[in-house]
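Asker: The structure is given below, and queries will be raised subsequently.
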Amino acid sequence: MPKQLIRLVVNGEGHEVAVEPWWSLLHVVREVIGLTGSKEGCGTGDCGACSMIVNGRLVTSCIFLALEADGAQVTTIEGIGGDKGLHPIQQAFVEEGAVQCGYCIPGMIVAAYDLLRQNPRPTLEEIRYALAGNLCRCTGYTKIYQAVLRAAEMMGG
Amino acid sequence: MAEVGDVRKAFRHVGKPVPRVDAPAKVTGRTIYGDDLKLPRMLHVKLVHAPVAHARIKGIDASKALAVPGVEAVITAQDLPPHRYDPDNRTRVLLARDEVLFYGQPVAAVLARDPYTSAYARDLVEVQYEELPPVLDPLEALRPDAPLARGSVQALEEGEVGGHITVEGAEARKEEGPRNVASTITFKRGDVEQGFKEAAAVVEGTWRTPMAHQSYIEPHVIVADYDSTGRLSIWSSTQAPFHVRNEVAKTLGLPETRVRVISTEVGGGFGGKIYLYEALVGALAMTLQRPVKLTMSRKEDMLAATPAPNCIVQLKMGMKADGTLSALKARVIFDTGAFPGAPLLPGCLLIGGFYKCPNLEIEGLEVFTNKVSVGALRAPGAHNVAFALESALDMLARRLELDPMEVRLKNAVEKGDPLPSGQPYPAIGLKECLEAVAKSQLWQRRHEIRAHPNRGVGLAVGGWLGGLQPASATVTLNADGTVNALVGAADITGTNTAFAQIVAEVLNLPLEMVRVTTGDTDSAPYAGMSAGSKVTFTVGRAVKLAAEDAKEQILRIASQRLEAPPEELELVDGVVRVRGREDKQLTFRELGRWSTAFGGRYPPIVGRGAVAPRLQAPSFSAQAVEVEVDPNTGQVQVLSWVVAQDVGFAINPMAVEGQMQGGSTQGLGLALFEEMAYDEQGRLLNPNLLDYRLPTTADVPPIETIIVEVPSEDGPYGARIVGEPSIVPGPAAVANAVADAIGARVFQAPLTPEKILHALGKIKD
Amino acid sequence: MRPFSYFIPASLQEALAIFQREGEGGRPIAGGTDLVVQLKEGGHKFPYPRYLVSVRRLPELRRLEWVEGEGLRLGAAVTMAEIEASPIVRERYLALAEGARVVGSRQTANMATVGGNLCNAAPSADTAPPLLVLGAKARILGPRGERLLPLEEFFLGPGRTVLEHGEVLVEVLLPPPLPRSASAYRRHTPRQCMDIAVVGVAAFLALDEAGEKIAEARIALGAVAPTPIRAHRAEALLVGRPASPEVLGEAALMAREEASPISDVRGSAQFRRYLVGVMTEAVLEEALSRARGR
Ligand SMILES: Cc1cc2nc3c(=O)[nH]c(=O)nc-3n(C[C@H](O)[C@H](O)[C@H](O)COP(=O)(O)OP(=O)(O)OC[C@H]3O[C@@H](n4cnc5c(N)ncnc54)[C@H](O)[C@@H]3O)c2cc1C
Ligand code: FES
Ligand code: FES
């Protein structure tokens, strides 16, 4: 079968991409569209480094087939903040020292962003439950909890 | 931080919490990691991993793989360019030649235009194996009638462990003799039998810790390019660019001038990203004359990187009625897998290195099995032995009805006390760490906590001696008055931020005026590997010297121009002025211009610093843990955790806390979850992050940190090593907490619910 | 992954027609959280598929509705997140909400479907024990028309169900809950979440009018047999007896006997058997206290 054409909007920008059925959304976003902020830590849905928001839902894009993103609105780390300054969550991660090697961080911030959209003032326990799909091997999480709590405050949740 | 609080006030930058300078790029996804690199005409390689633990290779048929459109080549050991093959050195067996020694060992490489194609074609390579009996259990392996895991080993060359720890007066011995022994080591002091006679209580037990994976979230990634001038460039997420360059050059028979290693941002290493497949990927790039990229999948990384060893500690310890240790006898067995490299030396040193003990006898054995060969994991070998030592100590304290804190304070090593090797400790802060934990809320509340059913508090300590390796750095003044520092050490823990603080401190600049870069091996001043927790301690000293050298050069010129002796000059925010004379000043910008522009009158300002430190700055950590155990299901939940660590001087307290919390959490993982599980054929059963369980946010409570600062004699501003010690106490602290909570002692990590139920007698074999 | 073709039909009819047209070697795919991982890493219990037919957006599989007098129609492609968030499920089928809630991470729950969970047929599937005790029936559509099966008959072994080539699980039907009844589900995992059940236990209890005796009881066990199973003998011990701790304890002991666990990387057989006992007791207690609260 020849590649199939999909259209998707990533961070507000439209793209038309010819994909193989077995390509993941992560592959398309990183390798074809060229947004390399999302990372692959496991490729099997276990670590959250590839987290994206697809049509309003947080997913692990490494096991999300690209064809299923046809017509979708996708938000990646690049869509949360960067070009025009940091998003408060990003700011809080920097200031709290919640970043070490950084490999988990894009996915972690996308997951935190999704959490704060749904629950603007989460408790520590809610944060700990909501981020359990995002592994970080460096920080031990404490500063990540602090950063999310602080971001919620900064965002006036 | 009481001890050096006043010292801290004297500084403008060092000692202050500073966000990492690379954090903004990381939170926006802008940082470029190895997997983000693309070179023109680049091929993607996937390795064929052996599905058997021990076998002879009878033949390899690549025809089906080669028929897949997009596949450019399938390379086996026979197709590699001539190189220095060494069957005893994992990194010099680029691909298995005749014999497969562990499950997952690479036997061939498939190169294709995209990674999906290479992965698909890889599965089509047909390898014929004649299976041999695998040797899997290290105790079985030692039996005289055991089959051999592999041929004998000639020599262990500059093992990686050497980069982590530096010890005088002890050398790992290699031995011919019992089966499957890679190396042995012994330490003796006093008379243990006499020591046991003097003891009021003796405990004895066998403690086991399984193979564990570093589980950096970024799997190994390497890109290599061999250009038309015959130069091999390697981008690698390595912690040790110069080590990689030297090893690749040696292995591939190239002069070091023709190998350039660019360390890409390391997405976590913890000792597991020193050097592994760089020579192979380099050789593939040379063979195909095209850039080649190896991005390992999680599964491949778990199968065929260098995890931490399985370890068995047989320990007997005696204590007098007053709580002083009288004898320690230990047999430490590390399962090194199919190639040498287990952390036998640090393990054997540290089991006798946390406490004073007049009589000790330590025997260490490094044993071959048909499992993946091992590497370092944050304080390699230390958590394995601490699990035994710290558990046994608690058992003795309980037996003699002594307080575990008191017992530790009583026996803790101090400056001048000898390691098992006889080498005396420099200034250290183990006691201070214990005292800090004793004052913590958690420890103070412990009686209250115990009043709850099934809750308990555990205490344990751990330390690391630290590595030593020469290091250098340069500091240069730019035309616009800003300052660059160049180092050769990969920044993993935020060291470049600490270096910026140091340079800004010496030159009294705002932090924004300083930029620290890790150069590649062609351009950067030499630095040892970013392992052994020593980067700030060694490279930091070089940076400080380089900044001081630059300062001197600046003062020399300024003194001429301002016609005032250097002693009367001061540096303030990029301005040099005569003290008390606002009118007599010049700026870094002017100096920069004069020393760089056409017709400039002064040579460029290049400060250099180079050090070869000889004195270690060991660091200790003490930790207390509160757990709740469900006596019905055996489930353990960690409720609180406090970590104290002596860091000498916290150049960046924010980064130091992050290290302490990260290390403690890894300790928690080793205590409760982490284990590479093998079946009877030596096949890894859990090569993924669902079944190899790292702690998640739901498992890890906020971790309280207490920074203890007992200045080191030799480190920059008194700083000592930081990264490694915090992983060490975890397994023992949790085991002690579980014993405190429910009275059951578990001798095997991780402390799974099943093992706890066993210890409670609720299930039996 | 090996190459395969992929179809995204717009309706169930079209999906069935694709299976007819393309022939053997096809498979439905919903959230892909099992299937994509298996195709990447191996571990699937069927031949590598030649083509996949996406069912995740088929309207017939997306229903989550309460039909008065009939009960709950739960479309196979409803996600775990949707189930957990559904007020009806929480109110009337709490065990199911508890099962859906623990599946993977938030990310997983947004993709994983209940149909995929059942059709993947892992003995540890977290929605299977709840659905078993809630009396679910599976509605299947295929080349030979429709089948309606009690869920007990759906599973054949690890990774194997009664589904034949070209058949699609459309929905599961749950009868309305009995008066004075309640359900509960718990599982054991080493980690607090993001883990696969070592043992899962669901229970459903209905009390008699006096609220003293057990009128109806169902117990289902996950990860202790080749398929999720009902513990019929344990159930039989409960029916008609007073809802006392001793009676619940007896049933728990019986459930232990009914389990036939194996040893694997997640736990040994004796550990699992032991857990069945303590967890069944706890889950029955939970269900009982909920039923009493009604
Ligand atoms: C990180 C992670 C964590 C997980 N944790 C859990 C957990 O805690 N508990 C748990 O139970 N599972 C867990 N799983 C497994 C998985 O998420 C669930 O089983 C999920 O419900 C599967 O649904 P799906 O829609 O993704 O199925 P898919 O992967 O799309 O399909 C699974 C199987 O069902 C078939 N299928 C799907 N829909 C239909 C249909 N309508 N008709 C016929 N056949 C169909 C497919 O052909 C395939 O064989 C986890 C998975 C991941 C990746
Ligand atoms: S890379 Fe997608 S979850 Fe790990
Ligand atoms: S910062 Fe390294 S994995 Fe999270």
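Asker: Taking region B:20-63, which residues are in a helix (DSSP H, G or I) and at the interface with chain A (Cβ under 9 Å from one of its Cβ atoms)? Steps first, please.
Answerer: Just the residues of region B:20-63 that are in a helix (DSSP H, G or I), to begin with: B:23-27, B:34-36, B:63.
Hits for region B:20-63 are B:ALA23, B:PRO24, B:ALA25, B:LYS26, B:VAL27, B:ASP35, B:ASP36.
Asker: Restricting to region A:16-31, count the residues that are away from ligand 1 (no atom under 16 Å from the Cβ), outside any loop (DSSP other than H, G, I, E, B) and either closer than 20 Å to C:SER5 by Cβ or open to solvent by less than 40 Å² (accessible area, probe 1.4 Å) (or both). Quick ask: steps written out before the conclusion?
Answerer: Initial filter on region A:16-31 (away from ligand 1 (no atom under 16 Å from the Cβ)): A:16-20, A:23, A:27-31.
This time we only want the ones that are outside any loop (DSSP other than H, G, I, E, B), so: A:16-19, A:27-31.
Okay, now just the ones that are also either closer than 20 Å to C:SER5 by Cβ or open to solvent by less than 40 Å² (accessible area, probe 1.4 Å) (or both), so A:17-19, A:27-30.
Final tally of qualifying residues: 7.
Asker: Consider only pairs whose beta carbons are under 6 Å apart and that are at least six residues apart or on different chains; among these, list those whose first residue lies in region C:1-23 and is at negative phi and whose second residue is of a type in the set (Ser, Thr, Tyr) and assigned to a helix (DSSP H, G or I).
Answerer: Every condition considered, the pairs that remain are C:ARG2/B:TYR120.
Asker: Here's another thing I want to ask about it. Condition (residue is among the charged types (D, E, K, R), more than 16 Å from ligand 3 (Cβ to nearest atom) and over 25 Å from C:ARG186 (Cβ atoms)) applied to region C:131-142: is it met by at least one residue? Reasoning before the result, please.
Answerer: If we filter region C:131-142 for residues that are among the charged types (D, E, K, R), which is where we start, we get C:137, C:139.
Next, only the ones that are more than 16 Å from ligand 3 (Cβ to nearest atom) stay: C:137, C:139.
Keeping just the survivors that are over 25 Å from C:ARG186 (Cβ atoms) gives C:139.
Yes, because at least one residue in region C:131-142 is among the charged types (D, E, K, R), more than 16 Å from ligand 3 (Cβ to nearest atom) and over 25 Å from C:ARG186 (Cβ atoms).
Asker: Could you check region A:109-157 and list, in sequence order, the residues that are hydrophobic (A, V, I, L, M, F, W, C) and more than 16 Å from ligand 2 (Cβ to nearest atom)? Spell out how you get there, then give the answer.
Answerer: Within region A:109-157, the subset hydrophobic (A, V, I, L, M, F, W, C) is A:109-112, A:115-116, A:124, A:127, A:130-132, A:135-136, A:138, A:144, A:147-149, A:151-152, A:154-155.
A:LEU115, A:LEU116, A:LEU124, A:ILE127, A:ILE144, A:ALA147, A:VAL148, A:LEU149, A:ALA151, A:ALA152, A:MET154, A:MET155, listed by residue number.
Asker: A follow-up question, please. Residues in region B:619-626: is at least one over 30 Å from B:HIS54 (Cβ atoms) and within 11 Å of chain A (Cβ to nearest Cβ)?
Answerer: Filtering region B:619-626 down to residues over 30 Å from B:HIS54 (Cβ atoms) leaves B:619-626.
Subsequent filtering for residues that are within 11 Å of chain A (Cβ to nearest Cβ) retains none.
No, the conditions are met nowhere in region B:619-626.
Asker: Continuing with this model, one more query. Output the residue which, of all residues in region B:601-618 that are in a strand (DSSP E or B) and surrounded by fewer than 24 Cβ atoms within 10 Å (Cβ to Cβ), is nearest to the other protein chains (Cβ to nearest Cβ).
Answerer: Step one: list which residues in region B:601-618 are in a strand (DSSP E or B), which gives B:606-611.
Within this subset, residues satisfying the condition of being surrounded by fewer than 24 Cβ atoms within 10 Å (Cβ to Cβ) are B:606, B:608, B:610-611.
Working: B:VAL606: 31, B:ARG608: 29, B:ALA610: 28, B:VAL611: 26 Å.
Ranking the qualifying residues of region B:601-618, first place goes to B:VAL611.
Asker: Let me ask something else. Condition first: surrounded by fewer than 21 Cβ atoms within 10 Å (Cβ to Cβ) and not charged (D, E, K, R). Now tell me which residues in region A:76-87 satisfy that.
Answerer: Within region A:76-87, A:GLY81, A:GLY82, A:GLY85, A:LEU86 qualify.
Asker: Keeping to region C:5-38, report how many residues are within 13 Å of chain A (Cβ to nearest Cβ) and out of contact with any strand residue (DSSP E or B) (no Cβ under 9 Å at 6 or more places or on another chain).
Answerer: First pass over region C:5-38, keeping only residues within 13 Å of chain A (Cβ to nearest Cβ): C:5-10, C:22, C:26-27, C:29-38.
Still in the list and also out of contact with any strand residue (DSSP E or B) (no Cβ under 9 Å at 6 or more places or on another chain): C:10, C:34, C:37-38.
Of the residues in that region, 4 qualify.
Asker: Going through region A:96-113 one residue at a time, which ones are touching a residue at least 24 places away in the same chain (Cβ under 8 Å), away from ligand 1 (no atom under 16 Å from the Cβ), farther than 14 Å from A:THR142 by Cα and not aliphatic (A, V, I, L, M)?
Answerer: The answer is A:CYS101, A:TYR103, A:PRO106, A:TYR113.
Asker: Examine region A:67-77 for a residue that is within 12 Å of chain B (Cβ to nearest Cβ), under 22 Å from B:LEU37 (Cα atoms) and outside any loop (DSSP other than H, G, I, E, B), and state whether such a residue exists.
Answerer: yes
Asker: Also, quick follow-up: Given the criterion outside the structural domain of C:ASN117 (by TED's automatic domain parsing), away from ligand 1 (no atom under 16 Å from the Cβ), open to solvent by 30 Å² or more (accessible area, probe 1.4 Å) and not charged (D, E, K, R), identify the matching residue among C:ALA215, C:ALA255. Explain how you work it out, then say what you get.
Answerer: On the way: C:ALA255 fails: open to solvent by 30 Å² or more (accessible area, probe 1.4 Å).
Every option except C:ALA215 fails the conditions.
Asker: Got a number for residues in region A:33-61 being within 16 Å of ligand 3 (Cβ to nearest atom) and more than 8 Å from chain B (Cβ to nearest Cβ)?
Answerer: Within region A:33-61, residues that are within 16 Å of ligand 3 (Cβ to nearest atom) and more than 8 Å from chain B (Cβ to nearest Cβ) number 4.
Asker: In addition: Would you pick out the residues in region A:100-115 that are near ligand 3 (Cβ under 6 Å from one of its atoms) and either among the hydroxyl-bearing types (Ser, Thr, Tyr) or farther than 9 Å from B:VAL27 by Cβ (or both)? So that I can check it myself, show each step before the final result.
Answerer: Looking only at region A:100-115, we keep the residues that are near ligand 3 (Cβ under 6 Å from one of its atoms), and these are A:100-105.
Across region A:100-115, the qualifying residues are A:GLN100, A:CYS101, A:TYR103, A:CYS104.
Asker: Filter region B:678-706 for residues that are open to solvent by less than 40 Å² (accessible area, probe 1.4 Å) and of a type in the set (S, T, N, Q); which is farthest from the other protein chains (Cβ to nearest Cβ)?
Answerer: B:THR705
Asker: Next up: Can you go through A:GLU95, A:GLU13 and tell me which one is of a type outside the set (S, T, N, Q), more than 13 Å from ligand 2 (Cβ to nearest atom) and within 9 Å of chain B (Cβ to nearest Cβ)?
Answerer: Values: A:GLU13 fails: within 9 Å of chain B (Cβ to nearest Cβ).
On inspection, the qualifying residue turns out to be A:GLU95.
Asker: List pairs: first residue in region C:112-129 and within 11 Å of C:LEU35 (Cβ to Cβ), second residue of a type in the set (Phe, Trp, Tyr) and within 16 Å of ligand 2 (Cβ to nearest atom) anywhere in the structure, Cβ distance under 6 angstrom, at least six positions apart or on different chains.
Answerer: none
Asker: Which is within 25 Å of C:GLY69 (Cα to Cα) and open to solvent by 30 Å² or more (accessible area, probe 1.4 Å), of C:PRO158, C:PRO150, C:PRO245?
Answerer: Working: C:PRO158 fails: within 25 Å of C:GLY69 (Cα to Cα); C:PRO245 fails: within 25 Å of C:GLY69 (Cα to Cα).
Sole residue among the options that is within 25 Å of C:GLY69 (Cα to Cα) and open to solvent by 30 Å² or more (accessible area, probe 1.4 Å): C:PRO150.
Asker: If you don't mind, another one. Among the candidates B:PRO17, B:PRO40, which residue alone is in the same structural domain as B:ALA285 (by TED's automatic domain parsing) and either surrounded by fewer than 17 Cβ atoms within 10 Å (Cβ to Cβ) or more than 16 Å from ligand 3 (Cβ to nearest atom) (or both)? Before you say what the answer is, go through the steps one by one.
Answerer: Values: B:PRO17 fails: in the same structural domain as B:ALA285 (by TED's automatic domain parsing).
None of the other options fit; the residue is B:PRO40.
Asker: With the checklist (1) closer than 24 Å to C:ILE29 by Cα; (2) open to solvent by less than 40 Å² (accessible area, probe 1.4 Å); (3) in contact with a Leu (Cβ under 8 Å, 6 or more places away or on another chain) in hand, flag the one item A:GLU40 doesn't pass.
Answerer: Single failed check for A:GLU40: (2).
Asker: From the list B:ALA732, B:ALA739, exactly one residue is away from chain A (no Cβ under 14 Å) and more than 25 Å from B:VAL374 (Cα to Cα). Which is it? Spell out the reasoning first.
Answerer: Values: B:ALA732 fails: more than 25 Å from B:VAL374 (Cα to Cα).
Among B:ALA732, B:ALA739, only B:ALA739 is away from chain A (no Cβ under 14 Å) and more than 25 Å from B:VAL374 (Cα to Cα).
Asker: Can you tell me which residues in region A:121-142 are more than 18 Å from B:GLY669 (Cα to Cα) and either of a type outside the set (Ser, Thr, Tyr) or within 14 Å of chain C (Cβ to nearest Cβ) (or both)? Walk me through how you get there before you give the answer.
Answerer: Step one: list which residues in region A:121-142 are more than 18 Å from B:GLY669 (Cα to Cα), which gives A:121-127, A:130.
Of everything in region A:121-142, those that are more than 18 Å from B:GLY669 (Cα to Cα) and either of a type outside the set (Ser, Thr, Tyr) or within 14 Å of chain C (Cβ to nearest Cβ) (or both) turn out to be A:ARG121, A:PRO122, A:LEU124, A:GLU125, A:GLU126, A:ILE127, A:ALA130.
Asker: Another question, if that's okay. Kindly provide the set of residues from region B:538-558 that are among the polar types (S, T, N, Q) and modelled with pLDDT under 95, ordered by number. It would help to see each step written out before you state the result.
Answerer: First pass over region B:538-558, keeping only residues among the polar types (S, T, N, Q): B:538, B:553.
The answer is B:THR538, and nothing else.
Asker: Here is a follow-up. Please report, ordered by residue number, the strands (runs of 3 or more DSSP E) entirely within region C:62-153 with at least 1 residues that are closer than 24 Å to C:VAL199 by Cβ and away from every other protein chain (no Cβ under 14 Å). Walk me through how you get there before you give the answer.
Answerer: Working: elements: C:64-67, C:71-75, C:137-142, C:145-150.
Per the criteria, C:137-142, C:145-150.
Asker: What's the number of the condition C:SER268 fails, among (1) within 10 Å of chain B (Cβ to nearest Cβ); (2) polar (S, T, N, Q); (3) over 16 Å from C:SER124 (Cβ atoms)?
Answerer: Going through (1) within 10 Å of chain B (Cβ to nearest Cβ); (2) polar (S, T, N, Q); (3) over 16 Å from C:SER124 (Cβ atoms) one by one, C:SER268 breaks only (3).
Asker: Do the conditions hold for C:VAL53, that is, is it within 13 Å of ligand 1 (Cβ to nearest atom) and in a helix (DSSP H, G or I)?
Answerer: Values: within 13 Å of ligand 1 (Cβ to nearest atom): yes; in a helix (DSSP H, G or I): no.
For C:VAL53, the condition - within 13 Å of ligand 1 (Cβ to nearest atom) and in a helix (DSSP H, G or I) - is not met.
Asker: For region A:47-61, name all the residues that are open to solvent by less than 10 Å² (accessible area, probe 1.4 Å), away from ligand 1 (no atom under 12 Å from the Cβ) and part of a loop (DSSP other than H, G, I, E, B).
Answerer: Passing the criteria: only A:ALA49.
Asker: Identify, from the list C:GLY142, C:GLY135, C:GLY166, the residue that is at positive phi, within 14 Å of ligand 1 (Cβ to nearest atom) and not acidic (Asp, Glu). Let's see the steps before the verdict.
Answerer: Working: C:GLY142 fails: at positive phi; C:GLY135 fails: within 14 Å of ligand 1 (Cβ to nearest atom).
Going through C:GLY142, C:GLY135, C:GLY166 in turn, just one is at positive phi, within 14 Å of ligand 1 (Cβ to nearest atom) and not acidic (Asp, Glu): C:GLY166.
Asker: Also, I was wondering about something else. Of the conditions (1) open to solvent by 10 Å² or more (accessible area, probe 1.4 Å); (2) closer than 27 Å to A:GLY45 by Cβ, C:GLY145 fails just one. Which one is it?
Answerer: (2)
The values are calculated or read from the model by the stated rules, or taken from the named source; none is laboratory data. In this text the structure is predicted, and so the values were computed from the model without any measurement. Using ideal geometry, Cβ is built from the backbone for each residue, glycine included, and neighbour counts are taken over all protein chains shown. Protein only, heavy atoms only, side chains kept; ligands, DNA and RNA dropped before computing areas. Shrake-Rupley method; radii C 1.70, N 1.55, O 1.52, S 1.80 Å.
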